[in-house]
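The values are calculated or read from the model by the stated rules, or taken from the named source; none is laboratory data. It should be emphasised that the depicted structure is a prediction, and the values quoted were computed from it without experimental measurement. Positions of Cβ are backbone-derived with ideal geometry, glycine not excepted, and every protein chain shown enters the neighbour counts. These accessible areas exclude ligands, DNA and RNA; they are computed on the full protein's heavy atoms, side chains included. Shrake-Rupley method; radii C 1.70, N 1.55, O 1.52, S 1.80 Å.
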Protein chains: 2
Amino acid sequence: MPHQERIERALRAGLATSLQRGHPPKLAAAMQHAVFPGGARIRPTLTLAVAMACGEDDAGLSEAAAAAIELLHCASLVHDDLPCFDAADTRRGRPSVQRAFGERLAVLAGDALIVAAFEVLACNSKRHLSRLPVLLKTVCRGVGMPMGIVAGQAWECEPQLSLREYQQAKTGSLFASATMAAAAAAGADPGPWRALGDCMGEAFQVADDILDAASDASKIGKPVGRDVALGRPSAVRELGLHGAIRRLNLLVAEAIDSVPVCSGADGLRAVIAMEASRLIPRELADSVL
Amino acid sequence: MPHQERIERALRAGLATSLQRGHPPKLAAAMQHAVFPGGARIRPTLTLAVAMACGEDDAGLSEAAAAAIELLHCASLVHDDLPCFDAADTRRGRPSVQRAFGERLAVLAGDALIVAAFEVLACNSKRHLSRLPVLLKTVCRGVGMPMGIVAGQAWECEPQLSLREYQQAKTGSLFASATMAAAAAAGADPGPWRALGDCMGEAFQVADDILDAASDASKIGKPVGRDVALGRPSAVRELGLHGAIRRLNLLVAEAIDSVPVCSGADGLRAVIAMEASRLIPRELADSVL
């Protein structure tokens, strides 16, 4: 089954609990809105690709890891769009959750998605229980303190920060969790897989900065120019547009080089190259050649 | 070691990760502010008491369960106090997190506390790994969809709700998790422990409604009269003050009766009676006799 199909099925299964008897309908709808239809699903795709490269032997557990990572990503977007952060009215070309459902349901939907992510892992660990603690810790590290997404977001509230550490926490950490959780779900050592996640995360963040500076809102489905408007750190502000594109290309090459020795290394490198090519429009990527 | 001491130690251990190298200082401070000094710690006290009654054989795991429940409770208070919900300036006699640290850090502190709760469980399950999935699921049910705290809060956004279901989700669910997680952590069947949690949760909610209606802010450390001001459902609004006090007394008796057969049933009944006596001032409790 193609990755995309497995991911959507795992996400639907992950949200099924929320739709059980007795649920408050608006919160359930807000959660669905936050998750479907999705964006590029780049993190869970990476998770499944790494799990396969590691010789995946428990499809349910890799899918649970992929779904958990994506649910946490969606949760962070919902809270990011809140009026006190980005106050974004649109996301993926549609009204953001806070815009469509109001601020209160957006706070709650983010919370409920975080919980749902852990529930998915708990419910799919039966066959390889010994892998569950590492899997949980890996996911917690990607999203919580001291250096997960939430920590990254919190650096915006500090008087001083370094661009690299901020981006590493805000974006890189969940990518590192995506690759490391995949290895853990397949029974492999997660450690050697951190570098790939780190590189992909930084590449993705730099690409996001490039799109924010050089794209238009209709193309990426959310407001642009926010980094400058909100005075946020950005690779384009630091390196200029061409400098940022060069950095992106370098990071993708580094990601491909970082793939550890494993049975499916060649296939994985191809997936990375393909995912990377979707990060920014080709004409932008080619503009520095 | 007394329950109180074990709880505070487990909570400090649970937040230790947040203070590791590289953390954003303000978010760490906001999390500490949300958890210390605590309130009555009634939920984790109940967890440890039930674990002991079940013949606790893994102190670290019961303490982890107690800490997880309390961290989730603190997270819900931090989000409850946000401007879009209660807009509370005080909590436990001090500035609320949103007041002391701002709205953004309050959103993030709540998120990070939820993640920390699951991390605590993952990090303390080594000795009895087989108990971890049930423990996780029990905790998820108490806090997430379809009927946990977050769902309870979301019922406030629906045009119609029943007082009982609303309170069951908003308060009862985490109490049920507190008793059921305790049983799971001690290797017992959690099912028979739900009734105790349900009764204690409803008793606590009714007591909260009574305090909101009949107390003054200096005594309970948070704003009073909010239920009426915000048009929220309340046992006092439904039953009158004396009716609500009678209901509270009935629920406590029901809780004591519900204790399943176990080695430490008598000790547990004593703890329940003592915790219940702290719910509302004696003069209020006695006013219906």
Would you mind computing, in nm to one decimal, how far apart the modelled labels at B:E5 and B:A87 are, each placed 7 Å from Cα along Cα→Cβ?
-> 4.5 nm
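Pick out the long, greasy-scoring helices in chain A: whole DSSP H runs spanning 15 Å or more along their own axis by Cα, mean Kyte-Doolittle at least 0.0. Let's see the in-between values first.
Numbers: long enough: A:3-16 (20 Å, -0.72); A:25-35 (16 Å, 0.45); A:42-53 (16 Å, 1.34); A:59-80 (31 Å, 0.91); A:103-123 (30 Å, 1.57); A:132-143 (17 Å, 1.28); A:173-185 (17 Å, 1.45); A:194-214 (30 Å, 0.30); A:235-258 (27 Å, 0.47); A:265-277 (18 Å, 0.68).
Qualifying helices: A:25-35, A:42-53, A:59-80, A:103-123, A:132-143, A:173-185, A:194-214, A:235-258, A:265-277.
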Sum of -39500 (n - 2.57) over DSSP H runs of 4+, divided by residues of chain B (222 nm, nearest 500) | -21000 deg cm²/dmol
If the label for B:E158 sits 7 angstrom from Cα along the Cα-to-Cβ line, what are its distances to the same label in every other copy, in nm to one decimal, shortest first?
-> 4.2
May I ask you to evaluate 6.51 cos²θ - 1.76 cosθ + 1.60, the Karplus curve with θ = phi - 60°, for each residue of the range B:145-155 and list the ³J(HN,Hα) values in order in whole Hz, giving x for glycine and proline?
-> 7, x, 9, x, 3, 4, 5, x, 4, 5, 4
Return P(r) of the range A:1-113 (all Cα-Cα pairs; 10 Å bins starting at 0; whole %; ordered from short to long distances).
-> 15, 44, 29, 11, 1
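Using only alpha carbon pairs under 8 Å that are at least six residues apart, calculate the relative contact order of the range B:3-288 and give it in whole percent.
Working: 438 pairs, mean separation 54.0, N = 286.
Contact order relative to length: 19 percent.
Accessible area per residue for the protein assembly as shown in Å², computed with a 1.4 Å probe and the full protein assembly in place, what is it? Please list the in-between numbers first.
Numbers: 21700 Å² over 578 residues.
Ligands and nucleic acids excluded, the figure is 38 Å² per residue.
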Quarter of Cα convex hull surface for the protein assembly as shown, i.e. mean projection, nm² = 24.7 nm²
May I have the pair-distance distribution P(r) for the range B:175-289, computed from all Cα-Cα distances with 5 Å bins from 0 and rounded to whole percent?
-> 2, 12, 20, 21, 17, 13, 9, 6, 1, 0
Output, in nm with one decimal and in ascending order, the distances from the A:G22 label point to the matching label points of the other copies (7 Å from Cα along Cα-to-Cβ).
-> 4.0
Quick one: with label points 7 Å out along Cα→Cβ, list the inter-copy distances for A:R246 in nm, shortest first?
-> 8.2
Express the carbon and sulfur contribution to the solvent-accessible surface of chain A as a percent, rounded to the nearest whole number, probe 1.4 angstrom.
-> 54 percent
Show the residues, 5+ positions off or on another chain, whose built amide H is closer than 5 Å to the amide H of B:G264.
-> B:G55
Would you kindly work out the equivalent ellipsoid of the range B:3-288 from its C-alpha gyration tensor and give its semi-axes, the square roots of five times the eigenvalues, largest first in whole Å?
-> 27, 25, 16
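Students often get this wrong, so check it: of B:K26/B:K170; A:K26/B:K170; A:K137/B:K137; A:K126/B:K126, which have C-alpha atoms separated by over 24 Å?
Numbers: B:K26/B:K170 29 Å; A:K26/B:K170 16 Å; A:K137/B:K137 16 Å; A:K126/B:K126 16 Å.
In this structure, B:K26/B:K170 lie more than 24 Å apart at Cα.
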